[in-house]
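The values are calculated or read from the model by the stated rules, or taken from the named source; none is laboratory data. Remember, it's a predicted structure, so these values are computed and weren't measured experimentally. Note that we place each Cβ from the backbone using ideal geometry, even for glycine, and neighbour counts take in every protein chain shown. When the accessible area is computed, the model is the full protein with side chains, heavy atoms only, and any ligands, DNA or RNA have been set aside. Shrake-Rupley method; radii C 1.70, N 1.55, O 1.52, S 1.80 Å.
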Amino acid sequence: MAQAEKQTKETRPKGGKGREQRGADREKGAADREGGELVERLVAINRVSKTVKGGRRMAFAAIMVVGDGRGRIGFGSGKAREVPEAIKKATEQAKRGMIRVPLRDGRTLHHDTEARFGGGGVRMRSATPGTGIIAGGPLRAVFEVLGIQDVVAKSLGSSNPYNMVKAALEAFKSMESPRMVAARRGRRVNEVLGRKGDAKEKSDG
């Protein structure tokens, strides 16, 4: 009996699950809780170099955006000696820092917004059905993974992909739905939207 217990202790892994496996389990659990797979888009990839004593050390820097197509989006950047590894690092970072953006009818923004980050900035406007995504470069990838179908966007200032995506995320963080505004003001949604039926009830009262 003692010999069997000794063999069991020897075969049991000492460290348990590795760090990478635990991270993968957390990401898988988060995706399962949200009830859908994530869409990944490569925004940009650049070759960078670092000067060291022996010469230059080359590496690759990747920028990724990840979303579920229903209002959740994340952004990440990663650097590695090989392109696949850089993309993997950026994707993992994007999945860890996802935010939720309220969408109107699941297809466009609730209101126009503008934001800046560093030398770059973006201006985004809600659009009618059938407009499509009128945006170029990194912003198109952002809207696709977020699930926006109708939007008009323009880049202001620097065309650096990193600054543009970060500016778009800052704009998304300021986005508010009528329900959120009503809850903050302590009013009903009809009062915030200023519908005629609610105004008539107030005048009758």
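Would you check if A94 is of a type outside the set (K, R), closer than 19 Å to V48 by Cα and in contact with a strand residue (DSSP E or B) (Cβ under 7 Å, 6 or more places away or on another chain)? Can you show your working first?
Numbers: of a type outside the set (K, R): yes; closer than 19 Å to V48 by Cα: no; in contact with a strand residue (DSSP E or B) (Cβ under 7 Å, 6 or more places away or on another chain): yes.
Judged against the criteria, A94 is not a match.
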Practice task
Only residues that are touching an Asp or Glu at 6+ places or on another chain (Cβ under 9 Å) and either part of a loop (DSSP other than H, G, I, E, B) or of a type in the set (S, T, N, Q) (or both): list them for region 52-78, please.
Solution key: D68, G69, R70
Practice task
List every residue pair whose Cβ atoms sit under 6 Å apart, with the two residues 6 or more apart in sequence or on different chains, where the first one lies in region 98-112 and is at positive phi and the second, anywhere, is modelled with pLDDT under 90.
Solution key: none
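Being among the β-branched types (V, I, T) and farther than 30 Å from A127 by Cβ is the filter; apply it to region 82-108 and report the residue that is nearest to the chain's Cα centre (by Cα). Break it down stepwise before answering.
So in region 82-108, the residues among the β-branched types (V, I, T) come out as 83, 87, 91, 99, 101, 108.
Checking which are farther than 30 Å from A127 by Cβ leaves us with 83, 87.
Details: V83: 21, I87: 15 Å.
In this case the residue turns out to be I87.
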Exercise for the section: Specify the residue that is farthest from K166 (Cα to Cα); the eligible residues are those in region 117-148 that are open to solvent by 70 Å² or more (accessible area, probe 1.4 Å) and β-branched (V, I, T). Expected result: T128
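Scan region 152-173 for residues that are open to solvent by less than 60 Å² (accessible area, probe 1.4 Å) and touching a residue at least 40 places away in the same chain (Cβ under 8 Å) and jot them down.
The answer is L156, S158, P161, N163, M164, V165, K166, A167, A168, L169, A171, F172.
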